Amino acid sequence: MSRKGACMPVRSTALPDSFPDENALMSHADVCRLCGGVSTMTIWRWRHDAALNFPAPTIINERCYWPCGEVVEWLKQQRALSADRKRELAKRARPRLTLTDERTRRKTSSRHDDA
């Protein structure tokens with residue numbers, strides 16, 4: 001019995017520790033699900049963006065299939081790159097002044113100007 005607007009269960013997008021066969025072919029829907037539930041259009045964009053180096057599919061009867069191991073390896077590479085980018089941004093980030101810090105700075109500088 002399905003209710004209109006009822007929530008559907010969410011499938012896990014976590015990568016398992018191991019796959020039964022890294023050469024097993026995954027359908028487009030499986031790849032979308034494995035990549036966090038992205039749309040088929042997102043997969044198409046990733047395939048056509050040379051900078052991302054997304055694995056090329058095997059095309060059978062005009063349908064795309066990917067070797068499981070290649071997609072998992074690509075996801076691991078993307079996670080590593082993401083962690084590197086976060087560390088780099090954290091190094092470059094300057095501490096931001098809050099409104100209280102700014103008021104304190106102004107009071108301190110005006111006291112020095114009066115002396």
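May I have the pair-distance distribution P(r) for the range 25-93, computed from all Cα-Cα distances with 10 Å bins from 0 and rounded to whole percent?
Answer for the range 25-93: a P(r) of 19, 48, 22, 9, 2, 0 percent.
Tell me, in nm to one decimal, what length is gained between Q77 and T42 on full extension, where the rule is 0.36 nm per residue of separation less the Cα-Cα distance?
Working: separation 35, 0.36 × 35 = 12.60 nm, distance 1.77 nm.
Residue separation times 0.36 nm, minus the Cα-Cα distance, leaves 10.8 nm.
Can you run phi through the Karplus equation (6.51, -1.76, 1.60; θ = phi - 60°) for the range 63-69 and list ³J(HN,Hα) in whole Hz, with x for Gly and Pro?
Each residue of the range 63-69 in turn: 10, 8, 9, 10, x, 3, x Hz.
Every read-out reported here was derived from the displayed coordinates using simple, explicitly stated rules and does not represent laboratory data. The model shown is predicted, which means the values in this text are computed figures rather than measured ones.
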